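The values are calculated or read from the model by the stated rules, or taken from the named source; none is laboratory data. Only a predicted model underlies this, so the values are computations on that prediction, with no experimental measurement involved. All Cβ positions, even for glycine, are placed from backbone atoms using ideal geometry, and neighbour counts span all protein chains on display. The protein model used for the area step is the full one, side chains on, heavy atoms only, and it has no ligands, DNA or RNA in it. Shrake-Rupley method; radii C 1.70, N 1.55, O 1.52, S 1.80 Å.
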Amino acid sequence: MSSASIPAKEIKAQWTAAMDTVSDDYAMGKGVVAAGGGKVFFIQTGQLVALNVQTGARAWKFGSGLQAPLLYRSGVLYAASKTGAVYAVNASNGKKVWGSQAASQGAVQLVADGERLLAHNGDIQAYGLKDGKLLWRAHEENGFIQPIVAEGGLVLGQNSVSGAYTYDILHAYDAATGKQLWEQGNHDLPAAVKDGTVISQ
């Protein structure tokens, strides 16, 4: 097998835009940029910015003190502030749909699950997707250390406990009520839920 050069045209960006740098928590790019409805969304100097995906022209900007992650779902964009407030923003015009001021530190993950928005920041908060009302909060002393999983009516979170040795615990919560249903030691995320069975490592 021989190697040969393949002529290719130089690829040039149609447009570029500056965005806020993110911590190592987002090194894999999850939730740093969102897209939908012909727009791309990201954080720029603490504001949520929407650009036309074809031209790069700014459509709108919203808020202050915001940070990744972002989540787009059905024409609504969800973002959180450094202080832990969570916002739902109309993706077409940048108008606030709701803002929840429930006290918490900044989110590291946002997940849409049915009619709930889950914010993970060590704890798990569940908000009503339509009105931002805080529905429930799950707290573990050592905090959840992995991205949470919401599937099959469950919310799964993992933390570690240290004693004679350190081991992981997988927690399962009822997605509607936040009530812990069970916990299992030495099981890890990622996990999947299928036909009422949790498959984990």
* Structure fact -> Highest GNM mean-square fluctuation among GLY99, GLY163, GLY185, for the chain with Cα springs under 10 Å, belongs to GLY163
* Structure fact -> Measuring from its Cα centre, the chain shows a charge dipole (+1 at each Lys and Arg Cβ, -1 at each Asp and Glu Cβ) which, in debye to the nearest 20, is 1120 debye
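Using only C-alpha atoms and all pairs of different ones, pull out the Kirkwood radius for segment 2-112 in Å with one decimal.
15.0 Å
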* Give, in nm to one decimal, the length gained when the segment between ALA18 and ASP131 is fully stretched (0.36 nm per residue of separation minus the Cα-Cα distance). => 37.5 nm
* To do: Scan the chain and hand back the longest stretch that contains none of the GluC sites (Glu not before Pro) lying in DSSP loops with at most 15 other Cβ atoms within 10 Å.
  => 11-114
* Structure fact -> Scoring the chain by relative contact order with C-alpha pairs under 8 Å, at least six apart, yields a percentage of 9 percent
* Accessible-area composition of segment 63-201, carbon plus sulfur, in percent [1.4 Å probe] -> 48 percent
* Asked: What longest range of the chain stays clear of loop-exposed chymotrypsin sites (Phe, Trp or Tyr not before Pro) (DSSP non-H/G/I/E/B, at most 15 other C-beta within 10 angstrom)?
  -> 16-164
* Are there trypsin sites (Lys or Arg not before Pro) in segment 52-102 that DSSP marks as loop and that have at most 15 other Cβ atoms within 10 Å, and which are they? -> LYS82, LYS95
* Spin-label point model (7 Å from Cα, Cβ direction): what's the ALA102 to ALA176 distance in nm? -> 1.8 nm
* **segment 94-141, Rg to Rh (Cα coordinates; Rh as Kirkwood inverse mean 1/r)** => 0.95
* Kirkwood hydrodynamic radius over Cα pairs of the chain, then Stokes diffusion coefficient at 10 °C and 1.306 mPa s, in µm²/s -> 86 µm²/s
